[in-house]
Protein chains: 2
Amino acid sequence: MPETIPNNSVGLVKAETAHFDEPLQLNCGKTIPRYKLIYETYGTLNKTGDNAILICHALSSDHHAAGYHSMQDRKPGWWETCIGPGKPIDTNRFFVVCSNNLGGCKGSTGPMSINPETGNPYGPDFPIVTVKDWVITQAKLADHLGIDCWAAVIGGSLGGMQALQWAIDLPDRLRHCVVIAAAPKLSAQNIAFNEIARQAIMSDPNFYHGHYYNFNAVPRQGLMLARMLGHVTYLSDDAMRSKFGRDLREGKLNFNFDVEFQVESYLRYQGRSFVDRFDANTYLLMTKALDYFDPAADFGDDLSRALEHVKAKFFIASFTSDWRFSPERSYEIVQALLNVKKDVSYAKIKADQGHDAFLLPIPDYLDALNAYMHRIDKDVSS
Amino acid sequence: MPETIPNNSVGLVKAETAHFDEPLQLNCGKTIPRYKLIYETYGTLNKTGDNAILICHALSSDHHAAGYHSMQDRKPGWWETCIGPGKPIDTNRFFVVCSNNLGGCKGSTGPMSINPETGNPYGPDFPIVTVKDWVITQAKLADHLGIDCWAAVIGGSLGGMQALQWAIDLPDRLRHCVVIAAAPKLSAQNIAFNEIARQAIMSDPNFYHGHYYNFNAVPRQGLMLARMLGHVTYLSDDAMRSKFGRDLREGKLNFNFDVEFQVESYLRYQGRSFVDRFDANTYLLMTKALDYFDPAADFGDDLSRALEHVKAKFFIASFTSDWRFSPERSYEIVQALLNVKKDVSYAKIKADQGHDAFLLPIPDYLDALNAYMHRIDKDVSS
């Protein structure tokens, strides 16, 4: 816990909830009668409402992007590195909004919420949600907050995909789009890892076909395996080598199936702690949203055509050691934007940390983001 | 099944079993009182006994490397591509031996065997076996077959590691060492994938702490997940892209958790069919043998020192798209051999198929292996 909160933090923050009582037709064809989104804001919306920034979160993340919920918090929000007074996403200049995605497990309507039609938690009956659905719900949140047009929509990984979808689906409602460590769609390998994670969860005997809430059970083992697997794909081989190498936990081989190597201990810890903070049904939904993301699909598989009508200016960033969504994948977006003569800046950041780099305080990365954010700043009224 | 067996196959083959009734002290410190090895041979041992080749199998493979067990077999042995009359490992010239590793599940003593001390299957009480143990047992098999010195010890992946260990531990008993798609030791990432596979198996409620044989149960889901995960690491991202892309199994999205993409269907099939042919306790043992393999560890982590006393000549091959054991890892072995002035040939084969390439009929690969095998041929008496 922080004894005192650092000056460059947004400090103590409190989440708010917006309720939307009209039915929402989802991309999958199903409708939910009403829903709520939990969100946090940092900084102040200016009079003209043109300094608002939407932060989109990644797979296993949430609306708590910066600051602390209490003085007892061990950790700040997930993007404390980038959001705060004087930081690249400067809360002295910008009004920053981050909401938990629909289908989430941190306060927005999702599988753990009560299905008004049954009086029980949705569980596995919560409809499949897609990135397009999130754009629609976030636009409703923008309406609720009085924001016509975001100064920027920003995200990393799955959040970057949301930012890209925003630019395509609602071109008049954002001026800049920042897409970090993302890809225009998942590869077969990406889908394969997601499928193994889902199989791990769904084959856990405590999953009860997704109705585990009713059985006072949690598919702990399955969710733990899913997280362990995810974690390996977030780190580069080099990052794991420099972090763990082949170090033995007890300094010698034990010749049994207990933990031998530090990396095993680390992964088990990551898996176990994730189970305590995340819901398995939400994890399933988020991986599906990733699999389905493919904005070019509606345009004859031509990403350039998908981007032809975007109005936002783009900043795309990738990390050299990211093998989940490699620089080549990010560059496909850059190339598609160039093909249709859009304004795009691109930074390939040399970093050993793998996909996780987008969350880390890497100077070249923060500098590149900071520079771009000052460019955005220029077209914000004061 | 083959209607007729091709001319360049070794044809119908039959496994044999060698029994070793003296106790074997294992690397882990434990002893097994006796054991057997199942093996196949192809070709004929010449009078001087200098044309024998040992083939070492990989993680989930066995002694059935070439030919067919019956005219009803759907598939030949796992290395039919390379072993046979006129093939790179030419059974017209060489006497080829392949044995199932100790700890295996295809006929050599392993977890499914009866522990003579209890009268029940060893199950989880089968001791941890290492690559060094396999070298010792294979040397006993060589004695049994009257082979003082192999013309070559050859293997891919974990089999390549065995070949390397042979050259280090018993330098006088092989003249050539062929190490394909291997590494001098596992990286933290490699260990991490193995650990997730083990956790999947061990957390399956049908695992019963490894005693599932006694419960008439099989940890199917866990072993299936382990295999799915392994399979993703055997294929390159490119290979998966060209094989499956984002093709949908039913041509449209279904918005549910059934199979959507071809790659999911393929992985589930691979996982399910593996369960019918492999034992979970053996899978655990084989992954541990991989994790523990580290011949440099006994030499102050200096691979060159480990290789200082080898007498074999080496052929090392790697595949450009192999991210499980990348060319860089193979080249560490080459460099270590060069450091101590050993005779080493190296081929980095351009191939898109990932780690699996070592099993596939890739012309450049077969040509390189064929050329090297002719070099071996020169010092075989006729």
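Numbers for the structure displayed
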{"item": "Contact order relative to length of chain A, as percent, for alpha carbon pairs under 8 angstrom and 6 or more apart", "result": "17"}
{"item": "Phi-based couplings in Hz for region A:280-295 (Karplus 6.51, -1.76, 1.60; Gly and Pro marked x)", "result": "5, 5, 5, 4, 4, 4, 5, 5, 5, 4, 4, 4, 7, 4, 5, x"}
{"item": "With eigenvalues of the C-alpha gyration tensor scaled by 5 and rooted, chain A, Å", "result": "31, 26, 22"}
{"item": "Long-range amide H partners of B:A58 with built H, under 5 Å", "result": "B:G159"}
{"item": "Amide H within-cut-off set for B:A347, under 5 Å, with H built and near neighbours excluded", "result": "B:I316, B:A317, B:S318"}
{"item": "Virtual paramagnetic centre 7 Å along Cα→Cβ of B:E332, amide N under 14 Å, in region B:154-173", "result": "B:161"}
{"item": "Trypsin sites (Lys or Arg not before Pro) within region A:316-382, DSSP loop, no more than 10 other Cβ atoms inside 10 Å", "result": "A:K341"}
{"item": "Threshold 40 Å² - residues in region B:112-129 whose accessible area is reduced by that much or more when the chain is no longer isolated, probe 1.4 Å", "result": "B:I128"}
{"item": "Flagged links, alpha-carbon separation over 25 Å, of A:K252/B:K185; B:K47/B:K378; B:K243/B:K350; B:K132/B:K313; B:K14/B:K350", "result": "B:K14/B:K350"}
{"item": "Cleavage-rule hits (trypsin sites (Lys or Arg not before Pro)) in region A:211-259: DSSP loop, at most 14 neighbouring Cβ within 10 angstrom", "result": "A:K252"}
{"item": "Beta bridges by DSSP in the protein assembly as shown, antiparallel share as percent, to the nearest 5", "result": "30"}
{"item": "Translational diffusion of the protein assembly as shown, µm² s⁻¹ [Kirkwood Rh, Cα pairs; Stokes-Einstein; 20 °C; 1.002 mPa s]", "result": "76"}
{"item": "Taking the C-alpha atoms of region A:193-344, convex hull volume expressed per residue in Å³", "result": "156"}
{"item": "Share of Cα-Cα pairs in region A:85-127 lying beyond 15 Å, as whole percent", "result": "54"}
{"item": "For region A:258-366, alpha-carbon Rg over 2.2 N^0.38 Å", "result": "1.38"}
{"item": "Radius of gyration, Dmax [region A:98-218; alpha carbons; angstrom]", "result": "16.9, 48"}
{"item": "Calculated from backbone phi, Karplus (6.51, -1.76, 1.60) coupling profile of region A:84-89 in Hz, x at Gly/Pro", "result": "x, x, x, 8, x, 9"}
{"item": "Of all DSSP beta bridges in chain B, antiparallel share, percent nearest 5", "result": "30"}
{"item": "B versus A: buried accessible surface, summed, Å² (probe 1.4 Å, to nearest 100)", "result": "4500"}
{"item": "Long-range amide H partners of B:H176 with built H, under 5 Å", "result": "B:A152, B:V153, B:K313"}
{"item": "Residue-normalised accessible area of chain A, given per residue in Å² at a 1.4 Å probe", "result": "38"}
{"item": "With every protein chain in place, the protein assembly as shown: carbon and sulfur % of accessible area (1.4 Å)", "result": "48"}
{"item": "Label-point separation in nm, A:R249 to B:I5, each point 7 Å along Cα→Cβ", "result": "4.9"}
{"item": "Using θ = phi - 60° and Karplus 6.51 cos²θ - 1.76 cosθ + 1.60, couplings along region B:93-105 (whole Hz; Gly, Pro as x)", "result": "10, 10, 9, 9, 10, 9, 10, 6, 4, 4, x, x, 10"}
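The values are calculated or read from the model by the stated rules, or taken from the named source; none is laboratory data. What you see is a predicted model, and the numbers here were worked out from it, not measured in a lab. Because the Cβ atoms are built from the backbone with ideal geometry, glycine has one as well, and the counts that use them run over all protein chains shown. Note: areas computed on protein heavy atoms with side chains; ligands, DNA, RNA excluded. Shrake-Rupley method; radii C 1.70, N 1.55, O 1.52, S 1.80 Å.
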